[in-house]
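Visitor: Sending over a structure as structure tokens; questions will come in a sec.
The values are calculated or read from the model by the stated rules, or taken from the named source; none is laboratory data. Predicted model, so just to flag it, every value in this text is computed and none were measured. Positions of Cβ are backbone-derived with ideal geometry, glycine not excepted, and every protein chain shown enters the neighbour counts.
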Amino acid sequence: MCHEFFSSLFPKTTERFGMPVQIRTILPIRAALLLLALFPPFAFADLFPALTQAELAYGVLGVGGTSVSMDSTTIFGSVGVGSGGSFNAMTGSTVFGTVDFQGASNATIDLGSSVIGGVHANVAQVATAVADVTALSSSLSALSGTPLILNVSTGQTVTLNPGVYDITGDASVFQGTVFLSGSSTDQYVFNIGAGNTLTVDFGSILPDLGGNVQPDNVIFNLSGSGPAASISNNSSVTGIILGLDRELDLPNGTLDGRVWGASNQALSFGPNFTVFAPIPEPRTIFLVAPALIAMWCLRKRNRKFAVLRIERTANPS
């Protein structure tokens, strides 16, 4: 069937009842669609590659020895717990996904809390996600970026363009707003070095009103050891918080993105925190494929009608 499908994109002249017949095609358009399907124009490769399937599986990931705890927290997505880690949900917390352990299950779910997709032990995908996230952090740290002092205070508004930023000192947003300008394919990397951290308190880091920056294209990469990263006091952040060796403390606010890390540290939420883990958009190939299939079906239909016309011409009644 595959041979028939691709052959139909570039039809040859056929012969019916001794008469040459060429089904009309728009060859350049068909060729362009075929190239799009085979080589889709992904825009992820500029700064960092597309996230892996294992990474995309988890909105929250403790990379090993992590104590993941939720207090009056809602996570729209799944939680991965690396080797030696634990999970605790209390005070009406809900995970709209699964809680997957790399090894044996070590979960405590208080009365009134729930994990909609259930708790699962010995999930191989968790180990893959941990390895992928670790490699991603290393690759991001190696990027050369623009030095940036990100210290946004009361009433201030800062707009940033896509790119790699090497944060000088702490990244702090207190009662201010950082707007991320760009389209759905633009990427941001904020590299925050050892000894420094990310603190958002009564503040926001959001796509600008005219843009469409996607959470999975924004990464706050905290390398080495240092103070805990924190989102508090009804703050709202868009992006992935990646701190392999950091405590991650998210007491009150909203994260439109993911949080990964906390090796042998605490990864704590709440009270009153919400995580909206992104649902990956379909790749270009999946958008193009239906068009190619529809075009193939239309060609089959046109061929059928062309043959009927020839038969009527050759055998008039």
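Visitor: Going through the stretch 180-195 one residue at a time, which ones are surrounded by fewer than 19 Cβ atoms within 10 Å (Cβ to Cβ) and within 22 Å of SER153 (Cβ to Cβ)?
Guide: SER181, GLY193, GLY195
Visitor: Go through the stretch 209-235 and report how many residues are within 19 Å of the chain's Cα centre (by Cα) and of a type outside the set (Val, Ile, Thr).
Guide: Let us first name the residues in the stretch 209-235 that are within 19 Å of the chain's Cα centre (by Cα), namely 211-222.
Still in the list and also of a type outside the set (Val, Ile, Thr): 211-212, 214-217, 220-222.
Qualifying residue count, the stretch 209-235: 9.
Visitor: If I ask for residues that are among the aliphatic types (A, V, I, L, M), in contact with a strand residue (DSSP E or B) (Cβ under 7 Å, 6 or more places away or on another chain) and either surrounded by fewer than 20 Cβ atoms within 10 Å (Cβ to Cβ) or within 17 Å of THR74 (Cβ to Cβ) (or both), which ones from the stretch 249-281 would you list?
Guide: From the stretch 249-281, those among the aliphatic types (A, V, I, L, M) are 250, 255, 259, 262, 266-267, 275, 277, 279; that's our starting set.
When the remaining residues are screened for being in contact with a strand residue (DSSP E or B) (Cβ under 7 Å, 6 or more places away or on another chain), the result is 250, 255, 259, 262, 266-267, 275, 277.
Listed by number, the residues that qualify are LEU250, LEU255, VAL259, ALA266, LEU267, VAL275, ALA277.
Visitor: Here is a further query. Of everything in the stretch 66-106, what is hydrophobic (A, V, I, L, M, F, W, C) and buried (at least 18 other Cβ atoms within 10 Å of the Cβ)? Give them in sequence order.
Guide: As a first pass, look at the stretch 66-106 and keep what is hydrophobic (A, V, I, L, M, F, W, C): 68, 70, 75-76, 79, 81, 87, 89-90, 95-96, 99, 101, 104.
Those that are hydrophobic (A, V, I, L, M, F, W, C) and buried (at least 18 other Cβ atoms within 10 Å of the Cβ): VAL68, MET70, ILE75, VAL79, VAL81, PHE87, ALA89, MET90, VAL95, VAL99, PHE101.
Visitor: Among the residues of the stretch 244-276, which ones are in a loop (DSSP other than H, G, I, E, B) and under 18 Å from ASP71 (Cα atoms)?
Guide: Taking the stretch 244-276 as the starting set, the residues that turn out to be in a loop (DSSP other than H, G, I, E, B) are 244-247, 251-252, 262-265, 270-272.
GLU247, PRO251, ASN252, ALA262, GLN265, GLY270, PRO271, ASN272, listed by residue number.
Visitor: Which members of the stretch 251-272 meet the condition of being under 20 Å from the mean Cα position of the chain (by Cα) and more than 20 Å from GLY193 (Cα to Cα)?
Guide: Within the stretch 251-272, THR254, LEU255, ASP256, GLY257 qualify.
Visitor: Output the number of residues of the stretch 226-247 satisfying the condition of being under 19 Å from PHE202 (Cβ atoms) and of a type outside the set (Val, Ile, Thr). Don't jump to the end; show me each part of the working.
Guide: Let us first name the residues in the stretch 226-247 that are under 19 Å from PHE202 (Cβ atoms), namely 227-239, 241.
In the following step, the residues that additionally are of a type outside the set (Val, Ile, Thr) were identified as 227-230, 232-236, 239.
Summing the residues that are under 19 Å from PHE202 (Cβ atoms) and of a type outside the set (Val, Ile, Thr) in the stretch 226-247 gives 10.
Visitor: Grab the strands (runs of 3 or more DSSP E) fully contained in the stretch 2-113, keeping just those with 2 or more residues being modelled with pLDDT of 95 or more.
Guide: Details: elements: 14-16, 19-21, 60-62, 67-71, 73-76, 79-81, 86-90, 99-101, 107-109.
The strands (runs of 3 or more DSSP E) meeting that bar are 60-62, 67-71, 73-76, 79-81, 86-90, 99-101, 107-109.
Visitor: Here is a check on your reading of the model: is PRO147 farther than 22 Å from LEU267 by Cβ and without any contact (Cβ under 8 Å) to a residue 24 or more places away in the chain? Full working, then the answer.
Guide: Details: farther than 22 Å from LEU267 by Cβ: yes; without any contact (Cβ under 8 Å) to a residue 24 or more places away in the chain: yes.
Answer is yes for this residue.
Visitor: Please specify each residue of the stretch 211-240 satisfying the condition of being over 22 Å from GLY145 (Cα atoms) and either free of Cβ contacts under 8 Å to residues at least 24 places away in the same chain or hydroxyl-bearing (Ser, Thr, Tyr) (or both).
Guide: SER230, SER232, SER235, SER236, listed by residue number.
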